[in-house]
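Following: one structure in structure tokens, then a few remarks.
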Amino acid sequence: MDLFFEIISYIAGITISISAIPQIVVIIKDKSVKGVSLFTMVLLMIGNYCWLAYGVYKEIPSMVIFNSISGTSFLIIDILKVIDIFKEKRQKNLQNVEA
């Protein structure tokens, strides 16, 4: 029975880890993060890194591996969103200076 739950943990880890990849692909393709909620992505990243810490503490390799991957994926989305926010603010400031 332990093998069954080990397999389940790997299936869960793989699906969670790849869940952010379609969003990253859309962001790169569209060159836009307009539809992305920074708050949601930050919460997902924090949750993944908490599970990562738990996996390290409990010495559960699947948790460490997959939460590292998914947490980093959400971190990438967060960084892209923050960069976009700063670009928008800069453009607004430039428009206000020109007006």
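Here is how the numbers come out for the structure above:
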quantity	calculated
In Hz, Karplus ³J(HN,Hα) per residue of the stretch 28-44 (6.51, -1.76, 1.60; θ = phi - 60°; x = Gly, Pro)	5, 5, 7, 6, 8, 10, 4, x, 9, 8, 4, 4, 4, 5, 5, 4, 4
Projected-area mean, the stretch 2-98, by convex hull of Cα positions, square nanometres	7.2
Pairs of lysine residues in the stretch 2-98 - Cα separation under 29 Å, sequence separation of 8 or more or cross-chain	14
Percentage relative contact order, the stretch 2-98, counting C-alpha pairs under 8 Å, at least six apart	35
Mean ellipticity per residue at 222 nm, deg cm²/dmol - from DSSP H runs of n ≥ 4 across the chain, formula -39500 (n - 2.57)	-30000 deg cm²/dmol
Amide H contacts under 5 Å for Ile60, placed H, 5+ residues apart	none
Leading residue at positive end of dipole, the stretch 1-66 (Cβ point charges), from Tyr54, Ile18, Val36	Val36
Per-peptide average of other Cβ atoms within 10 Å, ordering 42-52, 8-18, 79-89 highest first	42-52, 8-18, 79-89
At most 14 other Cβ within 10 Å, DSSP loop - trypsin sites (Lys or Arg not before Pro), the stretch 4-43	Lys31, Lys34
For the stretch 19-25, 3J(HN,Hα) per residue [Karplus equation, 6.51 cos²θ - 1.76 cosθ + 1.60, θ = phi - 60°, Hz, x = Gly/Pro]	5, 7, 4, x, 5, 5, 4
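A short reminder: the numbers here are calculations on the coordinates, not readings from a lab. Remember, predicted model here, so these are calculated numbers, not experimental data. All Cβ positions, even for glycine, are placed from backbone atoms using ideal geometry, and neighbour counts span all protein chains on display.
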